[in-house]
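Structure first, then comments.
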Amino acid sequence: MDRVIKNEQKPYKETNLIRIESKSRKDICSEYLHYIENGYRLTIDDAATYLNCTGPYVINTIVPEVKHIRITRLSKMILMKYAKDNGIEERRARLFTKRILLSEDNFKEHIRNSIELVISYKKFSENDFEPGFIDEIKKRIARGNEKGKKLTLQSHMTRITDILKKKYFTDENGVVRFENQQENLHINSFPVKLYTQKEIMKEYGIKYKVDFYKQVELKLGFRRLKYGNLVRFEKVKEDEKYIFQMYLSIYRRLQELYGEDLINIIQNEALIKLDKYK
């Protein structure tokens, strides 16, 4: 006969904690197995690996927000005996040793609802400009390169951005000053893999942070994401190929000044700087 046992759980004040209320060994096993088989299989280590953060961060930040179960010491002993007696595979039995198991589906839902896309730049593609301009600027760049220059469409348009930045953000002392704006947008998607700045710099051999921020979005194809106080990066395949980027604060300021004429201003500036290669 399966005797009734005292399966007490500490009074955790967690609104998303699923409490195991069964009293018999058999029912305790059955209830835990039910939740594990229905997706409560994400460990603290799994969540920490995904977010590239520490276990304590997950416990303090993620656990209160995601549905989960806790395995007490008594329940652990019962489950491990059950695993041994019933030949449960090691991969599955290892879950019985964990103190907390998160719902995989609810974890993904929480991330989708919480993670934000951080926009620091306005990106420009060839489609943002008149076809005639793109053809002409490419011809002038080619002529310049024939005469020993080392120009690309991206490098030239980036130079134009720097010229506009100096023109409109230089103070009376000749110092360029501006505070870049950021926009945070909910992306409502679950990134498959997240990268840290350190990982990307190591993988691509980038030594300096200033070079990292210049390359990470436009050249390397990552987008910047934010979860709480964590900043992470996701590799994405863009539908369009972007040729240059402009700080969002500079773009907003130029929009205020020129409105719909802004594209024409950029085009004219870009052509003027290559007048000698007409």
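The values are calculated or read from the model by the stated rules, or taken from the named source; none is laboratory data. Keep in mind the model is a prediction, meaning the values are calculated, not measured. Methodologically, a virtual Cβ is constructed for each residue, glycine included, from the backbone with ideal geometry; neighbour enumeration extends over all protein chains shown. What goes into the accessible areas is simple: the full protein's heavy atoms, side chains included, and nothing from ligands, DNA or RNA. Shrake-Rupley method; radii C 1.70, N 1.55, O 1.52, S 1.80 Å.
Here are some notes:
- Verdict on Asn180 being surrounded by fewer than 10 Cβ atoms within 10 Å (Cβ to Cβ) and under 30 Å from Ile111 (Cβ atoms): no
- Taking each residue of the range 18-42 that is under 20 Å from Thr97 (Cβ atoms) and looking for partners that are among the aromatic types (Phe, Trp, Tyr) and open to solvent by 20 Å² or more (accessible area, probe 1.4 Å) with beta-carbon atoms closer than 6 Å, six or more apart or interchain, yields Cys29/Tyr82.
- Only a single criterion out of (1) touching a residue at least 40 places away in the same chain (Cβ under 8 Å); (2) over 26 Å from Phe107 (Cα atoms); (3) not in a loop (DSSP other than H, G, I, E, B) is not satisfied by Val210, namely (1).
- Condition check for Thr49: open to solvent by 20 Å² or more (accessible area, probe 1.4 Å), at pLDDT 85 or above and among the β-branched types (Val, Ile, Thr): yes
Residue-wise test of (1) closer than 30 Å to Ile36 by Cα; (2) surrounded by 13 or more Cβ atoms within 10 Å (Cβ to Cβ); (3) among the aromatic types (Phe, Trp, Tyr).
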| site | (1), (2), (3) |
| --- | --- |
| Arg112 | yes, yes, no |
| Val118 | no, yes, no |
| Asp128 | no, yes, no |
| Phe133 | no, yes, yes |
| Arg140 | no, yes, no |
| Gln154 | no, yes, no |
| Val176 | no, no, no |
| Val192 | yes, no, no |
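- The residue that is farthest from Asp105 (Cα to Cα), counting only those in the range 58-74 that are within 35 Å of the chain's Cα centre (by Cα) and touching a residue at least 60 places away in the same chain (Cβ under 8 Å), is Thr72.
- Among the residues of the range 97-115, some residue qualifies, meaning at least one is assigned to a helix (DSSP H, G or I) and hydroxyl-bearing (Ser, Thr, Tyr).
- The single condition among (1) among the aromatic types (Phe, Trp, Tyr); (2) modelled with pLDDT under 90; (3) farther than 16 Å from Ser125 by Cα that Tyr247 does not satisfy is (3).
- Restricting Ile78, Ile88, Ile44 to residues that are touching a Cys at 6+ places or on another chain (Cβ under 7 Å), of a type in the set (Val, Ile, Thr) and buried (at least 16 other Cβ atoms within 10 Å of the Cβ) narrows the list to Ile78.
- Residue that is surrounded by fewer than 12 Cβ atoms within 10 Å (Cβ to Cβ) and at pLDDT below 90, where the choices are Lys214, Lys209, Lys237: Lys237
- Every pair of residues 6+ apart whose Cβ atoms lie under 7 Å, when the first sits in the range 75-87 and is free of Cβ contacts under 8 Å to residues at least 24 places away in the same chain while the second is in a helix (DSSP H, G or I): Lys76/Phe96; Lys76/Thr97; Met80/Phe96; Ala83/Ala93; Ala83/Phe96
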